[in-house]
Amino acid sequence: MFADDEKSLQELMRLELPRMGHEATICPDGATAVAALDRNTYDCILVDLDMPGCNGIEVIARAKQLSPDTEAVVLTGKSSLETAVAALRHGAFDYLTKPCKLVDLEAVLRRVAEKRELTYKYRAIKQRLKRIEGAVDLIGRSEGMRQVFRLVEKVAPTNSTVLIQGETGTGKELVARAVYDQSLRAEMPLVPVNCGALPENLIESELFGHRKGSFTGADDHRTGLLQVANGGTLFLDEIGELPKSMQAKLLRFLENGEVRRVGDNEASICDVRVICATNRDLTAMVADGEFREDLWFRINTFEIPLPPLRERIDDIPLLARHLAARFGAPRGSEDAVFSPDVLDALTGHTWPGNVRELANVIEHAMILCDSPPIKLEHLPRRFFAQGTAVSVARSAETLNLRELETLAIHEALDRHQGNKSKAVEELGISLKTLYNKLNQESREHVA
C-alpha cells in the first residue's frame, strides 16, 4: 500500500510499483490508508509522514496493531534525524527522503521481501524442531506400508492435493508430515487443523480469518490459518467432519486460492498446498448427500490408503520395539525387549485402536517393567479383554500360578467394567481377598 497526499506521486507509484512486481493500493490520505488496513493485510506499506486525516506514524501504528508482520517504509520530505527516529521507534523498516530515486525504493522493497522470506523460514524451522522431540517415524516392512512409502515418494514433490484415508490411530498425520517433509515446501509452514475439533460456528473464522466487529465476539482482526500457511502446507485432518456450509467455501479456495475473511468485501490470494485425511467413507457420504461431490473430486486428486494394523502383522514386532525405545527401553532386537509370550500376544491382538493403541500398551508396559524383557503381567488389563484370550491361553503353560491368577482377576474386572462385587462373584472369592490380591500386585510393581 502507498499512502501520500501528492497526486503526482500517487500516479507515479500507480505505474512504477506494478513494474517492480508489486500489487499496489494507492491511498490519497491517512484516513483512507487506515480504512484500507481495516479491510486487507499488506506485506509492506509506504507512507508519507504528513497527511490529512492522520499522519504516517498513526498509519504505521495501526498497521502493526492489525498485522505485526506488515513492514513499513517512511517516504517523506522531512529529513530531520528526529523524524527518522520517531518512525523507526514505531516499527518502520526503513526511512527514505523525498525526492528519492526509484532504484533506491526498489532496493528497499527487495530487502523487505528478503526479510519476510527469512521470517517464514525461521518460523518453519522452529515448528519442525518442536516436532522432533517425541516424533514417530513411518515404520513398516509389510507390503501395505511399502506401497504407502512409494506413494508418498511420488506425490511429495508435486503441488497436488492429497487425501489420506485410514482408520483412527493408523498414523494419517505422520503420513501427511512425510509428504510435507519430502515436498518443495518443506522450509515453509505446515499448519495442521482438526476439522472435527473446531466448533461449527467458528471454523470459518479459524480457516479464513475475520474482521474486527464482523460478528459478536470479534473484538480484533484475526488472520486465518490459510493465510498463516501461505507458501506452505495446510493439513486438514478429519475432512469428513467439515460442515456442509464450509465445504463450498473450501472448494472455492482450492479452485482459485481465494481467501475472503469474514466481514471482508475483498479477497486475497494465498498459495497453499492442501493435504486432507479422514477415517470416514467419503464415497458413501457423497451418496447420502453429506459431502459435496465436487469437493470430493477436488481433494481426491491423489489418494494414499493407509492399512490398519491388523493387516500389518509383520510390522507389529518392529513397531513395538521402536515404541519401547521411544519410551526408554535400551535398543536391541525384539526378543531382547519382549518375552516370547508377549510377542505372541501382540501379534495375536486385533488392535481396534491401531498404532495409537499399540503405543499406549507399550508405554503402560514400560512404566511397570523395571528392566526388559517385558512380560505379560506388564501389559494393561484392558489389553486382555480385546481379543487376545487365545494368545494368553496358548501361553498359559509358560505362566506360573501367580501370573495366571493375576490375569484371571484383571479379565474378570474388565468384563464387569471394574465392578468388584460382580468380579468376585464370578471368581468365587471374597471381596477382601480381591483387595488383598490387588494390593499385593501393586506393592510388587512398586518394589
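All of the numbers you see were taken from the coordinates with simple rules; none came from a lab. All of these numbers come straight from a predicted model, not from anything done at the bench. Quick reminder, even Gly has a Cβ in these numbers, built from the backbone with ideal geometry, and neighbours come from all protein chains shown.
Any of Lys101/Lys212; Lys375/Lys422; Lys154/Lys244; Lys64/Lys121; Lys115/Lys154; Lys7/Lys101 with alpha carbons more than 26 Å apart? Name them for me.
Numbers: Lys101/Lys212 38 Å; Lys375/Lys422 28 Å; Lys154/Lys244 31 Å; Lys64/Lys121 21 Å; Lys115/Lys154 33 Å; Lys7/Lys101 18 Å.
Lys101/Lys212; Lys375/Lys422; Lys154/Lys244; Lys115/Lys154, as the Cα separations exceed 26 Å there.
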Handout entry: Other-chain or far-sequence residues with amide H under 5 Å of Ile45's (modelled H)
Key = Glu71, Ala72, Val73
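Only bridges with both residues in the chain count here: give the DSSP antiparallel percent, nearest 5.
Details: 4 of 36 bridges.
So the antiparallel bridges amount to about 10 percent of the total.
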Completion exercise
The relative contact order of the chain, taking Cα pairs under 8 Å that sit 6 or more residues apart, comes to a percentage of 12 percent
Problem - Efficiency of FRET between Thr97 and Arg310 - r from beta-carbon atoms, R0 60 angstrom, step 0.05 - result: 0.25
Problem - Tilt relative to the chain, helix 102-132 - C-alpha long axis, 0 to 90 degrees, to 10 - result: 10 degrees
Problem - Base-10 log of normalised Debye intensity for the range 280-335 (one unit scatterer per alpha-carbon) at q = 0.17, 0.18, 0.22, 0.29 Å⁻¹ - result: -0.68, -0.70, -0.84, -1.10
Problem - Degrees separating the helix 56-66 axis from the principal Cα axis of the chain, which is the longest one - result: 20 degrees
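How large is the direction-averaged shadow of the alpha-carbon convex hull of the range 1-81, in nm²?
Details: hull surface 20.6 nm².
Result: 5.2 nm².
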Completion exercise
Residue span Val262 to Asp50: 0.36 nm per residue of separation minus Cα-Cα distance leaves a gain in nm of 73.0 nm
Exercise for the section: Of the DSSP beta bridges with both residues in the range 139-307, give the percent that are antiparallel, rounding to the nearest 5. Expected result: 20 percent
Exercise for the section: Give me the Debye-computed log₁₀ of I(q)/I(0) at q = 0.09, 0.11 Å⁻¹ for the chain, equal point scatterers on Cα only, no solvent, two decimals. Expected result: -0.76, -0.95
Completion exercise
Checking Gly30, Gly328, Gly140 against a Gaussian network model of the chain (alpha-carbon springs below 10 Å), the top fluctuating residue turns out to be Gly328
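What number results when the radius of gyration of the range 187-318, computed over Cα atoms, is divided by 2.2 N^0.38 Å?
1.18
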Exercise for the section: Could you state the angle between the C-alpha long axis of helix 30-39 and the longest principal axis of the C-alpha atoms of the chain, as a value from 0 to 90 degrees rounded to the nearest 10? Expected result: 20 degrees
